[in-house]
Structure formats: C-alpha cells, structure tokens
Amino acid sequence: MKEKGSQIRLTAGEIAQLWMQYLNDSSSICVLSYFLEKAEDDEIKPIIKFALELSQSHIQKITDILTEKKNVVPYGFKIEEDVDITAPRLYSDSFVLNFINQMSKIGLTSYAASVATSVRDDIKTYYMDCLTETMELNKKSTELLLSKGLFIRSPNIPNLEKVEFVKKQWFMFDVFGEKRPLTAAEVDNLFANLQRNALGVAALTGFSQVAKGKDIKQFFLKGLEIGNKHFQLFRGKLEESKLPSPMGWDSEITNSTTYTFSDKLMMFFTSGLIGLSIGFYGTAISQSPRADINAMYNRLSLEIQLYAEDGANIMIKNGWLEQPPMASDRDELIRKKNQ
C-alpha cells in the first residue's frame, strides 16, 4: 500500500527550500504591495498583481506544510513592519517590470532545483506548480517588455556554417595578449551578469536614498561601487569583441528620500542578490574556457563574498538574521543531560 506523502517526514533539503522560500515570498509581498500601490501604467499593474498573488499563495501553502509537521513558521517580513506603501514613488514602472522579469528568471532556476531536491510527492508537486506559475509570470512580463520596446536582447553572433574542432591551446590561453573571440556561452553570461548588475545598482541606489541607519547607507554605497565596477568590467569584455551592451537604470529612480522599506528588508534583499551573484559567477566560470574570463570571475566572486560577510555582520548586530533550520547539536544535548 502506497504511503501518503504527508505522512513522510520532511528531509533537510525540503525544509531548507521551504524555509528560504517563505522568507523570499514574505519579502516579495512587501515590495510588490508597494509597487502595486505606486504603479501608474495600466498594462504593468496586472503583472505586479499576478506576481503578488503568487507570493501570497506560496506563503499560505508553505505555512500549511510546515505547521502540519509541527515545524515553526519563519518570522519573515510583514507589511506593517517593513514597508510604507504610502511613501512616494521610488522606482519607475519600467524598472519594476524589468525587476519582476529578472526575478521570474531567478525563480525558474530556484524552483527547478527545488523539484530535484524534493522527495515527498506533495512537496514535489507543489514546486512543479510553482515552476508552472513562474513560467507564466516570465512569459507575461517578457511579452509586455517586448510590446513596450523595453526588452533588452542578448547580442547576436554569426550563424554556424560548419562544424569545427579546437586545434590550439590558444582557445583557452591568450598568447602575447591576443584573445580569441567570445563563445556564445561567454557572451550570454557576460550579458546576463551585466544586466543583473545594472538592475542591482539601480535597486541599491534607491535603497541608499531611503536607508535610515548610517552603517546601512554606507553598506549600500559600497555595494554601488562594487556593482558599477562589475558592470564596467563585463561591458569591457563585450566591447573587446565589438558586441553591444545595455545601459544602466539610473534614470528610473526618483529623488525620494522618504522612508519606504525597512533597513532589515533592504539588507535581506541585498544579501540575496549577493548570494545569487556568487552562483551566477560560478556558472559563468564553468562555461568559459578562456583563462582571463575565469580569473576575472574568480576575483569578483571573492570580492562579493567579503561584501556578503560585511552584510551578515550588520544583520547579526541588529538582530535581523533569522537562523535557518539546523541539525541537532548532539554534544550540547549530552552536556545538558549531564548537568
């Protein structure tokens, strides 16, 4: 007789994914609620509303799954604590649409990993549903960006005319400073990482304008410096191969300095972006045989890891870093037993 999924204990992988998704979706509800309140474009409003409804639905489902097995639900983020939806507009509708489109791409990667990690049938089905919903969000947001002329395509390269095999180590190592043209994968990763840094810089610019804590503001300003440097490095690599690169999003931020998001929410969001960047840079390294590009990504990864440590220290100092689920500390249990 087949055992019901809900009777099987959650694995560490399943709990980790559910816990992190709860934090992400609770923060998204705060941000998207504000975006929806400020939206003026009648075509963009339904996209924001759809994204918000998905996050709200996920929170309810995750809560049901965790409480069913007597797991504590994460504290996460609350609209009444972490956002003022009456604050003036901070970002343009165009930026918000691009932001949602980028987040949907990240969601597709995350949910696919969650499907692979999940063992319990109901958890796997839940993440497959999340994947389907996020595909729809990505499709809708991409179509609207295209119709408004806002979608930025990856550069084109010549059509393949014949099959070729690499004959020289020049393909991996530059000789006397001469470098081969970029491969399609290298172009795509440089372009995607450039785009993500451009959106990240715009987000941090807004955050730095409305941050309350002095150390928080300094942290965001340091992030702006790092993000702009990475943006220019990626652009330089594309320009070496005479390929175009997109512009930044600085013009899509208003001059508002009014409290909008809590410092806790903005720090969480920034820490999430840093973690994603480390993952994307790692993927780029694995897909690039060119030594100079690998060296660049390794150097930039170390830089943002150190930046991430600064952020974690700030969050710990302020009591904002919610501790993730952990294995039992057997040594501590034994010590307590002997006391």
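The values are calculated or read from the model by the stated rules, or taken from the named source; none is laboratory data. Since the structure is predicted, the reported quantities are computational estimates derived from the model, not experimental observations. Here the Cβ is made from the backbone with ideal geometry for all residues, glycine too, and neighbour counts use every protein chain on show. Calculation scope for accessible area: heavy atoms of the full protein, side chains included, ligands and nucleic acids excluded. Shrake-Rupley method; radii C 1.70, N 1.55, O 1.52, S 1.80 Å.
Residue by residue through the range 132-137, what is 3J(HN,Hα) from phi via Karplus (6.51 cos²θ - 1.76 cosθ + 1.60, θ = phi - 60°)? Round to whole Hz and write x for glycine and proline.
These are the phi-based 3J(HN,Hα) values: 5, 5, 6, 4, 5, 4 Hz.
May I ask you to derive the relative contact order of the chain, considering only C-alpha pairs under 8 Å and at least 6 residues apart, and to give it as an integer percent?
Numbers: 345 pairs, mean separation 67.4, N = 339.
RCO, the chain: 20 percent.
Please compute the Kirkwood hydrodynamic radius of the range 143-227 from all pairs of different C-alpha atoms, in Å with one decimal.
That comes to 16.8 Å for the range 143-227.
Residue by residue through the range 247-259, which ³J(HN,Hα) values in whole Hz follow from phi under the Karplus form 6.51 cos²θ - 1.76 cosθ + 1.60 (θ = phi - 60°), with glycine and proline marked x?
Karplus values, whole Hz, x for Gly and Pro: 7, x, 10, 4, 6, 8, 10, 7, 8, 5, 10, 6, 3.
So if I restrict to the alpha-carbon atoms in the range 124-170, what is the Rg, and what is Dmax, the biggest pairwise distance, in Å?
Taking only Cα atoms of the range 124-170, I get Rg and Dmax of 18.9, 48 Å.
Can you work out the Karplus-derived ³J(HN,Hα) for every residue in the range 206-211? Use 6.51 cos²θ - 1.76 cosθ + 1.60 with θ = phi - 60°, whole Hz, and x for glycine or proline.
x, 4, 5, 6, 10, 5
If you average the C-alpha positions of the range 190-205 and of the range 33-73 separately, how far apart do those two centres end up, in angstrom?
24
Can you give me the % of accessible surface on the chain that is carbon or sulfur? Probe 1.4 Å, all protein chains present, nothing else counted.
About 56 percent, which is the carbon plus sulfur part of the accessible surface.
So what is the accessible area of the chain per residue, in Å², with the probe set to 1.4 Å? All intermediate terms of the calculation are to be shown ahead of the outcome.
Details: 18610 Å² over 339 residues.
Computed with neighbouring chains in place, this is 55 Å² per residue.
Before rounding to the nearest 500, sum -39500 (n - 2.57) across all DSSP H runs of length at least 4 in the chain and divide by the residue total; then give [θ] at 222 nm in deg cm²/dmol. Walk me through the numbers before you get to the answer.
Details: 10 runs with 221 residues, N = 339.
My calculation for the chain gives -23000 deg cm²/dmol from helical runs alone.
What whole number of Å gives the distance from the Cα centroid of the range 227-288 to the Cα centroid of the range 97-145?
21
Based only on Cα atoms, what mean projected area does the convex hull of the range 80-229 have, in nm²?
The orientation-averaged projected area of the Cα hull of the range 80-229 comes to 15.5 nm².
Can you give the convex hull volume of the alpha carbon atoms of the range 100-147 per residue, in Å³?
Hull volume over Cα atoms, normalised by residue count, gives 46 Å³.
Kindly provide log₁₀ I(q)/I(0) values, in the same order as q = 0.10, 0.13 Å⁻¹, from the Debye equation applied to equal alpha-carbon scatterers of the chain.
Debye output, listed in q order: -0.69, -1.11.
So what does log10 I(q)/I(0) come out to for the range 292-332 at q = 0.17, 0.21, 0.24, 0.33 Å⁻¹, using the Debye formula with one equal point on every Cα and no solvent?
Cα-only, vacuum Debye calculation for the range 292-332: -0.68, -0.76, -0.81, -0.99.
Under a Cβ-only charge scheme (Lys and Arg +1, Asp and Glu -1), can you give me the dipole magnitude of the range 248-339 about the Cα centre, in debye to the nearest 20?
My answer is approximately 460 debye.
Determine, at each q value in 0.13, 0.18, 0.19, 0.22 (inverse angstroms), the log₁₀ of I(q)/I(0) that the Debye formula gives when each Cα of the range 1-125 is one equal point scatterer.
Here the Debye-derived log intensity ratios amount to -0.60, -0.98, -1.05, -1.27.
Using only Cα atoms, find the angle between the long axis of helix 12-38 and the longest principal axis of the chain, and express it within 0 to 90 degrees, rounded to the nearest 10.
Tilt relative to the chain: about 80 degrees.
Normalised by the empirical 2.2 N^0.38 Å for globular proteins, what value does the Cα Rg of the range 175-290 take?
1.21
Take the Cα atoms of the range 245-339, find their three principal axes, and give me the spread along each one in whole Å, biggest first.
Taking the Cα atoms of the range 245-339, the three principal extents are 64, 46, 17 Å.
Quick one: if you stick a label point 7 Å off each Cα along the C-beta vector at N298 and E225, how many nm between them?
2.5
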